[in-house]
Structure formats: structure tokens, C-alpha cells
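Engineer: Have a look at this one before I ask anything.
No value in this document is a laboratory result; all are computed from the given coordinates. Because the structure is predicted, anything quoted here is derived from the model rather than measured. Note: ideal-geometry Cβ built from the backbone for every residue, glycine included; neighbour counts use all protein chains shown.
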Amino acid sequence: MSTARTALETEEHQALRAAVAALGKRYGRDYMTTVIREGKHTDELWAEAAKLGYLGVNLPEEYGGGGGGMAELSIVLEELGAAGSPLLMMIVSPAICGTVIARFGTEEQKRAWLPGLADGSLTMAFGITEPDAGSNSHRITTTARRDGDDWVLTGRKVFVSGVDIADATLIVGRTEDARSGKLKPCLFIVPREAPGFGRNQIDMELHAPEKQFELVLDDVRLPADALVGDEDAGLLQLFAGLNPERIMTAAFGIGMGRFALGRAVEYARTRQVWKDPIGAHQAIAHPLATAHIDLELSRLMMQKAARLYDEGDDIGAGEAANMAKYAAGEACVKAVDQAVHTLGGNGLTREYGLASLITASRVARIAPVSREMILNYVSHQSLGLPKSY
Ligand SMILES: Cc1cc2nc3c(=O)[nH]c(=O)nc-3n(C[C@H](O)[C@H](O)[C@H](O)COP(=O)(O)OP(=O)(O)OC[C@H]3O[C@@H](n4cnc5c(N)ncnc54)[C@H](O)[C@@H]3O)c2cc1C
């Protein structure tokens, strides 16, 4: 099956794709399955990807990064996913946290975090979702109160990925004097072992090495320099991180969809129960072909979003990143569903490893912003339709 060769990609991009695909091939699904079965983390792949410069490819060169952008970082995640070994924390650590610190952090914060995020020695999680706010971020209540030079943070978060392996979590809160009304977010770096920062693992039905956590922030005292950016900069700063998150979730979905489709096509070419392989039947071939088309189309949208973001067009990138995340989430769910079906009974065996992707693929539809919230955004922002909520 062809991989992406599009006019949107430079020769360097294509070379990066090929190099990451080669790394992914050395790890792949078997590595992932072993890591999950043994309750371990993807340390080896994370370290090797970092050493080769892939994890920090979007971060500034002066802080140890590759000097690229989301175009490059999304290629890395897509190709690792297409090999069956996606690194979920790439969506969070270099993409959201690295970008926000690179764009809005102080010189000290950049020096403290960016080289480590780039070389893989440091990881940062990201917490915005709250139990009583969910899709409505304007309702978040995690509150930061000033106490002398310090900040004191109180609140709860839910579904935050990788807090156990992250050195710190970038927590989205609001200041005490902006406690209600439209969200004026501010971002705090909370070290994993900060007193009052508690976590409980959520029992997810997901076959993945990265775990999700409920967090309790009980008067977590932080120094003044835990605040990233300006406390009054508001949504601009937050979306500097959320748009990369959407682009990267698109890459995650496209990679997983390609992996599942690849397995299904291989099976359909060789599995024979009548006179020809099952792939000769159009009832099998056409849904695989449409899955391929949908994945290719969503990649085009992802590339558009990445390019707009990298060129500094935050508004244009916002719309494109939402559309790319939507398209990739749907393409991923469809590709996985069709792949499982193509394998008949084998689609549900552990040996073929596709059934567990049914739940995993739904992550791309739900997070970080659900299918419906993107449709709402497009209805209101792109089409100018009235809002019902
Ligand atoms: C595997 C995984 C990893 C995650 N990692 C992180 C992380 O690292 N950090 C983090 O902060 N969060 C994380 N999340 C949380 C994720 O971003 C949220 O689950 C997501 O934003 C949806 O919020 P919710 O689950 O509260 O759903 P809700 O907001 O309760 O929505 C439930 C359903 O109602 C629909 N709905 C809600 N409002 C509307 C509306 N106005 N119109 C139409 N439909 C609507 C939604 O589309 C959805 O189908 C993760 C989630 C998962 C599953």
C-alpha cells in the first residue's frame, strides 16, 4: 500500500517519514503488545525516538530541538502509529507542553524544560478535563490563588494521560479573581511529587501502555515561576497548545487507521475460502478502498492544519485542526471497524491484535474534543449557524 506522497510534503518530510517508518518497523505491534502485557512503558522506543531527534523535531534548535513544526512532529506520530507502535504522550509532551513553553515560557522555563522534552529525558502531561466540566472548558473550576509570591492550586481533573510517567503536568486553571464566567485560563507546571497533588488511576478498557488518571489538587503550593505565560493572556495561550493537540490526535488516528488497514489488506489478499482470495469480493474490497481514501483525505487536512499552524496563522489553524481531528477520528474508527470485519473470526483473536483497536480507535473520536463539539464549532464558526447551548 502506498504511503503518503503529496505535493504538501518536501523531500525532507518524505525522508523523515521513511526514517521513522523504519524505526517503527523495528518496534511495531509486537513490541507494544509485550510492553502492555508486562505492565511496562514504552521507554526504549521513547528513548530511541528522542535520540534520533524525532520527539523534539518541533522544538526550537537553540533548546535542543529540531527547529521544525507540527508538520514534522505529526509525521513522526503517524508513522509510528502506522507501524503499530504509537507514542500517545507525543500528543502531550512535545506537542502541547513543548509548544506552549516555547511560545510563552520565560527564558528559565525554556532552559529548564525544552532540552529535556526534546531529548526524552523529561516528559510533561497536560490536564484540562474536569469531572463537572467535560467538553465545556468554560466551566472548569481549578483555581489558583496568590499567597505572597506563591500560587496555591485547588481542583480536580479527570482522564489525564501519563501523569505517572510525566515529571510534571501542565495544569489548566483559572485565577481566583476570574473564578466564574468565560474561561480565562492560566497554565501551571505542577511537579509529579508536589505535596497535595494526588492521582488515582482510572480503570480504562483500553489496551495501551499509557494510563489515565483522576487528579486531586489539594492546596498545591507552587512558586511564582510555575505559571507559564501571562495570567491575562487567556485563550490565545491555551489554543497555542490545543491546536497542536488536535493536529497530533489526527496523526494518531491516521496512523492507527493505516496500521489496521494494512493488516486487513494483507489478510484479504491471501485468505481464500472460495476460488479467489476474499479481497476479490467487492463487499470486502470497496470498504477497504473507502477507508484508504478517508485516511488519505484526513491526512491532507492534517497537513493543511500543520502548515497553517507552523506559519503562525492560529485562527486558520484552529478551524483546520478541528476539521482534521474530526476527519481522522472518523476515518480511524471506520478503518479499524472494517479491518476487524475483514478478518472474520480472526478479527477478534489476540493473535491478530485488531480487536483491541476497536476501543483504542474511539479515543480519536472522543478526545481531546469530541466529534459533536467539532460539528458544533464548524456549525457556528465556519457556517455562522446559531448556537443551541
Ligand atoms: C484515552 C483518553 C485520554 C485522555 N487524555 C486526556 C489528557 O491527557 N488530558 C486531559 O485533560 N483530558 C484527557 N482526556 C479527556 C478528553 O479530552 C475528554 O474525555 C473529552 O474532552 C470529552 O469530555 P467528557 O469525557 O467529559 O465528555 P462530555 O463532555 O461529558 O460529553 C459526553 C458526550 O456528550 C456530547 N456532548 C457534550 N456537549 C455537547 C453539545 N453541546 N452538543 C452535542 N453533544 C455534546 C459529547 O460529544 C460526548 O459524546 C482523555 C480522554 C480519553 C478517553
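Engineer: Between ASP43 and ASP119, what is the label-to-label distance in nm when each label sits 7 Å out along the Cα-to-Cβ direction?
Structural biologist: That separation, rounded to one decimal, is 1.8 nm.
Engineer: Okay, moving on. Compare GLY345, GLY257, GLY105 in a GNM of the chain, Cα atoms joined below 10 Å, and give the one with the largest fluctuation.
Structural biologist: Among GLY345, GLY257, GLY105, the largest mean-square fluctuation in the Gaussian network model of the chain belongs to GLY345.
Engineer: If the elastic network links every pair of Cα atoms under 10 Å, which of GLY67, GLY24, GLY116 fluctuates the most in the Gaussian network model of the chain?
Structural biologist: Checking each option, the largest mean-square fluctuation is seen for GLY67.
Engineer: Something else: Per 10 Å bin from zero, what fraction in whole % of the C-alpha pairs of the chain is there, up to the bin with the longest pair?
Structural biologist: 5, 24, 33, 24, 10, 3, 1, 0
Engineer: Still on this structure: What residue among ALA49, GLY196, SER85 has its Cα farthest toward the positive end of the dipole of the chain, where the charges are +1 on Lys, Arg and -1 on Asp, Glu, each on the Cβ?
Structural biologist: SER85
Engineer: Which of TRP274, TRP151 comes first, and how do the rest follow, when ranked by fewest Cβ neighbours within 10 Å? Provide the component values of the computation, followed by the final result.
Structural biologist: On the way: TRP274 8, TRP151 24.
Arranged by neighbour count, lowest to highest, TRP274, TRP151 become TRP274, TRP151.
Engineer: Ignoring solvent entirely, what values of log10 I(q)/I(0) come out of the Debye formula for the range 11-123 at 0.13, 0.19, 0.22 Å⁻¹ when each Cα is a single scatterer?
Structural biologist: The Debye formula, applied to the Cα set alone, gives -0.45, -0.91, -1.14.
Engineer: Follow-up question, since we're still on this one. In percent, how large is the relative contact order of the chain, given Cα pairs closer than 8 Å and 6 or more residues apart? Please list the in-between numbers first.
Structural biologist: On the way: 766 pairs, mean separation 58.4, N = 389.
So the answer I get is 15 percent.
Engineer: List the residue ranges in the chain for DSSP H helices whose C-alpha atoms run 27 angstrom or more along the long axis and whose Kyte-Doolittle average is -1.0 or above.
Structural biologist: On the way: long enough: 11-37 (38 Å, -0.46); 235-270 (52 Å, 0.47); 282-310 (41 Å, 0.05); 314-342 (40 Å, 0.09).
Helices meeting the criterion: 11-37, 235-270, 282-310, 314-342.
Engineer: Tell me the label-point distance for the pair GLU176, HIS281, using the 7 Å Cα-to-Cβ offset, in nm and rounded to one decimal.
Structural biologist: About 6.8 nm, to one decimal.
Engineer: Quick check on the chain: helices-only [θ] at 222 nm, where DSSP H runs of length 4 and up contribute -39,500 (n - 2.57) each and the sum goes over total residues. Nearest 500, please.
Structural biologist: Details: 10 runs with 180 residues, N = 389.
Here the helix-only value at 222 nm equals -15500 deg cm²/dmol.
Engineer: How many angstrom lie between the Cα centre of the range 11-31 and the Cα centre of the range 228-279?
Structural biologist: 15 Å
Engineer: Of CYS97, CYS186, how do they rank once you tally other Cβ atoms within 10 Å and put the fewest first? Walk me through the numbers on the way to the answer.
Structural biologist: On the way: CYS97 30, CYS186 24.
The order, fewest Cβ neighbours first, is CYS186, CYS97.
Engineer: A follow-up question, please. Fewest Cβ neighbours within 10 Å first, please rank ARG156, ARG246 accordingly.
Structural biologist: On the way: ARG156 19, ARG246 31.
Exposure proxy ranking, most exposed first: ARG156, ARG246.
Engineer: Could you work out the per residue convex hull volume over the alpha carbons of the range 125-228, in cubic angstrom?
Structural biologist: Working: hull volume 9.1 nm³, N = 104.
Taking the convex hull of the Cα positions in the range 125-228, it is 88 Å³ per residue.
Engineer: Now for a separate question. Mind checking the full-extension length gain between THR270 and SER379? Use 0.36 nm per residue of separation minus the Cα-Cα distance, one decimal, nm. The partial results should precede the final answer.
Structural biologist: On the way: separation 109, 0.36 × 109 = 39.24 nm, distance 4.44 nm.
34.8 nm is the gain from fully extending THR270 to SER379.
Engineer: Full-extension gain between GLN201 and THR34, please, as 0.36 nm times their residue separation minus the C-alpha to C-alpha distance.
Structural biologist: My answer for the length gained is 58.0 nm.
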